[in-house]
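Read-outs throughout are calculated quantities, based only on the coordinates presented, and are distinct from any laboratory measurement. This structure is a prediction, so every number in the text was calculated from the model and none was measured. No Cβ is skipped: glycine too gets one built from the backbone with ideal geometry, and neighbour counts run over all protein chains shown.
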Amino acid sequence: MASSIHRTVDAIWRMEAAKIIAVLTRMVRDVGIAEDLAQDTLIVALEKWPETGIPDNPGAWLMTAAKRRALDYLRRDRVLGRKYEEIGREMDMRQQDQEYDAVVEEDIGDDLLRLIFMTCHPLLSSQARVALTLRLLGGLTTVEIAHAYLVPEPTVAQRIVRAKRTLAEARVPFEVPQAPELKGRLSSVYEVIYLMFNEGYSATSGENWTRPLLCKEALRLGRILAEIVPSESEVHGLVALMEFQSSRLRTRVDSSGEPILLMDQNRAQWDQLLIRRGFAALERAGRIPGALGPYSLQASISACHARARTPSETNWIRIAALYEALAQAAPSPVVELNRAVSLAMAFGPEVGLEIVDALALEPALKEYHLLPSVRGDFLMKLGRVQEACEEFKRAASLTSNARERAMLLKRASDCVTDSGPESVSETGTE
């Protein structure tokens, strides 16, 4: 019973943590302390809820408990001066909550967006900005962030600790910066928002393959950002990409939560409103002078899938050309892996296999489960069934997501008796 409640608390916490940390950061003006207070709140919930039961509105319970801990901290912290001491003496807890609720509502803007800009401050390295923001807003563990970036876990942990210390020592303000400082932080903000989205779209660990609420929150932040900087082409490309991919979310898993790959999805159930919004955002990106950036190119790839009413209508030659352009604009082993998939679909699996075999020497992909998964696809189509089976098993051993592992093991089991249907591995960008 207790373990079941703990799993439920963990699921609730993943949904609520970012908002709680953002509000606490507004109150205490220190992102490290805010995270510590939030974690204290989680511990209280883990201790109390097995005895009292989960509240009717667990998010509100957690927020109220977190703010109370922040107020206790402020009362104890003499360096904040007499203002907080007077608040502590003169107001009971309910009045204090109301006071801080009013403060939170006074400023125009969004706490989560402010937190992203705070943690994407130029004082931090680009890697530290992304790692810290994913930790605080995406609710990702250091293991999950390390997996997303294909770097060792201790490296990520050190980046996060140093980043929090740097922000605290510099007293970085909790705000959306003004131009021209705003522009200098945009690339990191784009990256963070999309990585948040990607974690929701294909969860790196856990029992569920998707986390739709995380996708929804990332898309909301992207739309807000597009209103703040409407003259930036890439923000519209980012929004378009998330709109297109969000349109497919409800078809990515079946009724029992099992993954459904792109080529097997029921396209009649793709959300047409989100697709129209995606095309509109992509058109806005294209109207702004200059070459399309990486997010706009990825959105253009997703647009090709959105246009195809059936898998056979997909314009894989155009997709391969777009991946070639993406490889020039933002080269990376993962982009090259995606390019291999598109070339295989356009010109045959042997073309893709040649690229994938070269990528096997890439150190960054050594523990990346989608590399053997894609290779298994190609080998299966070439009739090299036993080799394909081994690749699917290796891919299953490398993923931390339970649903994905089960799917890959099933493919390994199936391939020894049946060549199976044609499929396309999803490697992050489609």
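Couple of notes before you dig in:
- Length released on extending from Ala308 to Ala170, taking residue separation times 0.36 nm less the Cα-Cα span: 44.6 nm
- For the listed peptides 166-172, 127-133, a ranking on the average number of other beta carbons within 10 Å per residue, highest first, reads 127-133, 166-172.
- For peptides 134-141, 22-29, sequence by mean Cβ density within 10 Å, most packed first: 134-141, 22-29
- Pairs spanning more than 24 Å between alpha-carbon atoms, out of Lys216/Lys381; Lys48/Lys216; Lys19/Lys164; Lys48/Lys164: Lys216/Lys381; Lys48/Lys216; Lys48/Lys164.
- Charge dipole of the chain about the Cα centre (unit charges at C-beta), most positive-ward option of Met345, Met407, Phe392: Met345
- Placing +1 on each Lys and Arg Cβ and -1 on each Asp and Glu Cβ, with no other charges, gives the chain a dipole about its Cα centre of roughly 400 debye.
- Sorting 291-304, 269-282 by average packing, meaning the other beta carbons within 10 Å per residue, from highest down gives 291-304, 269-282.
- Extents of the stretch 236-303, taken as max minus min of Cα coordinates on every principal axis and listed largest first, are 46, 21, 15 Å.
- The ellipsoid equivalent to the alpha-carbon distribution of the stretch 315-415 has semi-axes of 23, 16, 11 angstrom, derived from the gyration tensor eigenvalues as √(5λ) and listed largest first.
- Between Val351 and Arg250, the distance separating the two model label sites (each 7 Å from Cα on the Cα→Cβ line) works out to 3.6 nm.
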